[in-house]
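Colleague: Take a look at the following structure, please.
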Amino acid sequence: MRKFKETGVVENVKIARDIYRLKIKIPDIVNSVEPGQFLNIYFQDSPKIFPRPFSIAGVDDNNILIIYKVVGSQTEKMSYWQKGFKIKVLAPLGNSFELDSENNVSYVLIAGGVGVAPLMFFRDRLFLMGITPYFFIGAKNRNELPIAEDTKSKLYLSTDDRSLGFAGNVVEHFKSMLGSIPKPVSVYACGPNQMNKAMAKLGIEQEMKLQVSLERVMACGLGICQGCTVKIKSATSDCHYSLVCKDGPVFKGEEIILTADER
Amino acid sequence: MIDLNTKLGNRLSLSNPILTASGTFGYGDEISDIVDVELYGGIVTKSLTLKPREGNPPPRIVETPSGMINSIGLANIGVDLFLEEKADFLKIYRGKVIINIAGRTDFEYCEILKLLTEENWIDGFEINVSCPNVSEGGIEFGTDPKILSNLTRKLRDLTDKFLMIKLSPNVTDIRIPAETTQKCGADAVSMINTVYGSAIDINTKKPLINSVIGGLSGPAIKPIAIANIIKAYQVIDIPIIGIGGISRGEDVIEFMLAGASAVQLGTVHFYNPLAINEILQFLEEYCSQNNILSIGDIIGKAEV
């Protein structure tokens, strides 16, 4: 059950260029958190009023981990937070990744940049079940790759600038490897809108089972402001909107309609 | 112990002067696991329309300095589904239940009111005549005195329950719609709804909100709300319910000094869902420190 907590920063470390891992102490929530869910962080006395939503990247003892990239003034503030800094959080929020109903599938995780966060948590969960997933991670360049090695997955790295791993984007990388991954595959993706869009298209073309975790600007994260819509294919009406915070953030690839100008 | 009881005319009394603002608290049940809904004097629901509405295409919200612009477009489940799914929660709710109604025509407003006024668990209505985000209806009802008086009279004839009109600040002089609603039999006015606002992405040159112009809310509009309440308080006798960027207990006192008998918490629910706890505690402290026995004693006491 989601809870509003005043808590403290346990650790805040830089793991790549502009990318940080924040560990927050939330003991009574840790056991109920599922991969794919997110949390809200609240900021006090700022001209920017919205809380910021972050996918949960893992749990450890009494702590929840998130991975964030400095993209604006709020995340810049976060990058200065030190151990013991008091913050207000609401967690856990949203739905979660669903395990495939079949036993012998190949689990494939596709991450673009900090989109790696919810998939790392899902990887942990799979690993505990004795499953080693394929994990494709792409970034602009080697300095922005959130992880470089992994013992819990078969890791495939790519960079747009060819500085490390496969030269090109993560979707192209996955496509090039698709033939060598045992079928059937069950794919889980999280990344920038363009990547999610490309994955949704690929999922339909290849008739793959695909779950995508989406990101949106949110005012509340609770389903009340109705601001964070995604267009959903519907048999009954031309246009149906779901809320990323409440109905998502995880959606089936075939049900979402992503447009170019989503933020 | 401070007396927070608040009487809004002859038809509605609240256990305290804090209500929720429409569209920022759903229908009460959505965040009742986080917020203690019983702490409010009452709930004002998300706007209901006769038929369900999908709402506007994205982007619907954008964060702006000390506020946000929204263009949700009255996305809601419609009155039938509301009665089916939300009534059970609101029936056992101990505070007052005020239903916010929006329509495209007089007929739609009247139909919804007729459907709901028979329900004994509903304590009153707030009429949204000031939504800036729908192409038909909405704000034009609130900005044209003739249309506003026709609608208010028709609704007054249909219900003996508390009837409150939510006014728009997007007018030259708020005193005109305020006087109009009083004359036509409304029990109260709530003000202000959102202020016209827009924002543009300097890289893409595109508006940051689908409808180009949306409704600005949050602390940014608080001074506008205070100014409008001061003006309206000078010309009407019916209670004013203050809305506009209230975040803290200090804000509630300021609104009441300006002339509000009660207030609504809105956008604050997004950035501080537990604001109600802090606000009630502050009201107690403020009143005891200033020897105020009843919170109602401060209404309109600003030396303006």
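The values are calculated or read from the model by the stated rules, or taken from the named source; none is laboratory data. Quantities reported herein were computed from a predicted structural model and do not represent experimental measurements. Positions of Cβ are backbone-derived with ideal geometry, glycine not excepted, and every protein chain shown enters the neighbour counts. Calculation scope for accessible area: heavy atoms of the full protein, side chains included, ligands and nucleic acids excluded. Shrake-Rupley method; radii C 1.70, N 1.55, O 1.52, S 1.80 Å.
Colleague: Restricting to the range B:206-249, give me the number of residues that are within 12 Å of chain A (Cβ to nearest Cβ) and assigned to a loop (DSSP other than H, G, I, E, B).
Modeller: Of the residues in that region, 8 qualify.
Colleague: Please specify each residue of the range B:176-207 satisfying the condition of being open to solvent by 80 Å² or more (accessible area, probe 1.4 Å) and either basic (K, R) or within 28 Å of B:I98 (Cβ to Cβ) (or both).
Modeller: B:I176, B:E179, B:K183, B:Y196, B:K205, B:K206
Colleague: Do the conditions hold for B:I229, that is, is it under 21 Å from the mean Cα position of the chain (by Cα), of a type in the set (A, V, I, L, M, F, W, C) and under 30 Å from B:K161 (Cα atoms)?
Modeller: Criteria met by B:I229.
Colleague: Okay, next question. Please determine, by comparing only the residues of the range A:153-170 that are within 14 Å of A:Y134 (Cβ to Cβ) and aliphatic (A, V, I, L, M), which one is most open to solvent (accessible area, probe 1.4 Å).
Modeller: Looking at the filtered set, the residue picked out is A:L155.
Colleague: Something else about it: Please determine, by comparing only the residues of the range B:273-294 that are open to solvent by less than 20 Å² (accessible area, probe 1.4 Å) and under 19 Å from the mean Cα position of the chain (by Cα), which one is nearest to the other protein chains (Cβ to nearest Cβ).
Modeller: Of everything passing the filter in the range B:273-294, B:P273 is nearest to the other protein chains (Cβ to nearest Cβ).
Colleague: Among B:S32, B:S66, which is more than 19 Å from B:I192 (Cβ to Cβ), among the hydroxyl-bearing types (S, T, Y), open to solvent by 20 Å² or more (accessible area, probe 1.4 Å) and within 14 Å of chain A (Cβ to nearest Cβ)?
Modeller: Of the residues listed, the single one that is more than 19 Å from B:I192 (Cβ to Cβ), among the hydroxyl-bearing types (S, T, Y), open to solvent by 20 Å² or more (accessible area, probe 1.4 Å) and within 14 Å of chain A (Cβ to nearest Cβ) is B:S32.
Colleague: Tell me which residues, restricted to the range B:35-57, are among the charged types (D, E, K, R) and within 14 Å of chain A (Cβ to nearest Cβ).
Modeller: Hits for the range B:35-57 are B:D36, B:K46, B:K51, B:R53, B:E54.
Colleague: Same structure again: Looking at the range A:11-51, which of its residues are open to solvent by 10 Å² or more (accessible area, probe 1.4 Å), assigned to a loop (DSSP other than H, G, I, E, B) and among the small types (G, A, S)?
Modeller: Those that are open to solvent by 10 Å² or more (accessible area, probe 1.4 Å), assigned to a loop (DSSP other than H, G, I, E, B) and among the small types (G, A, S): A:S32, A:S46.
Colleague: Can you spot a residue in the range A:71-90 that is in a strand (DSSP E or B) and closer than 19 Å to A:R123 by Cα?
Modeller: No, the range A:71-90 has no match at all.
Colleague: In the range A:222-250, what count of residues is obtained for those that are in a loop (DSSP other than H, G, I, E, B) and either within 9 Å of chain B (Cβ to nearest Cβ) or in contact with a Phe, Trp or Tyr (Cβ under 7 Å, 6 or more places away or on another chain) (or both)?
Modeller: 11
Colleague: Then there is this: Pairs, please: C-beta under 8 Å, at least 6 apart or cross-chain, first residue within 12 Å of B:E63 (Cα to Cα) and in the range B:199-212, second open to solvent by 70 Å² or more (accessible area, probe 1.4 Å) and of a type in the set (V, I, T)?
Modeller: Here the result reads B:L208/B:I200, each pair linking the range B:199-212 to a residue that is open to solvent by 70 Å² or more (accessible area, probe 1.4 Å) and of a type in the set (V, I, T).
Colleague: B:I253: in contact with a Leu (Cβ under 6 Å, 6 or more places away or on another chain) and assigned to a helix (DSSP H, G or I), yes or no?
Modeller: Answer is no for this residue.
Colleague: Which of the residues spanning the range A:116-130 are open to solvent by 10 Å² or more (accessible area, probe 1.4 Å) and either of a type in the set (A, V, I, L, M) or under 14 Å from the mean Cα position of the chain (by Cα) (or both)?
Modeller: Listed by number, the residues that qualify are A:M120, A:R123, A:D124, A:L128, A:M129.
Colleague: Let me ask something additional. Working only within the range A:206-221, note down all residues that are part of a strand (DSSP E or B) and either within 14 Å of another protein chain (Cβ to nearest Cβ) or open to solvent by less than 20 Å² (accessible area, probe 1.4 Å) (or both).
Modeller: Selection gives A:L210, A:V212, A:S213.
Colleague: Given (1) out of contact with any helix residue (DSSP H, G or I) (no Cβ under 8 Å at 6 or more places or on another chain); (2) within 14 Å of chain B (Cβ to nearest Cβ); (3) in contact (Cβ under 8 Å) with a residue 40 or more places away in the chain, where does A:P47 come up short, assuming only one miss?
Modeller: Result: A:P47 fails condition (3) only.
Colleague: Scan the range B:85-105 for residues that are among the β-branched types (V, I, T) and buried (at least 20 other Cβ atoms within 10 Å of the Cβ) and report the count.
Modeller: 4
Colleague: State all residues of the range B:149-162 that are in contact (Cβ under 8 Å) with a residue 40 or more places away in the chain and within 15 Å of B:P177 (Cβ to Cβ); if no residue qualifies, say none.
Modeller: B:N150, B:L151, B:L155
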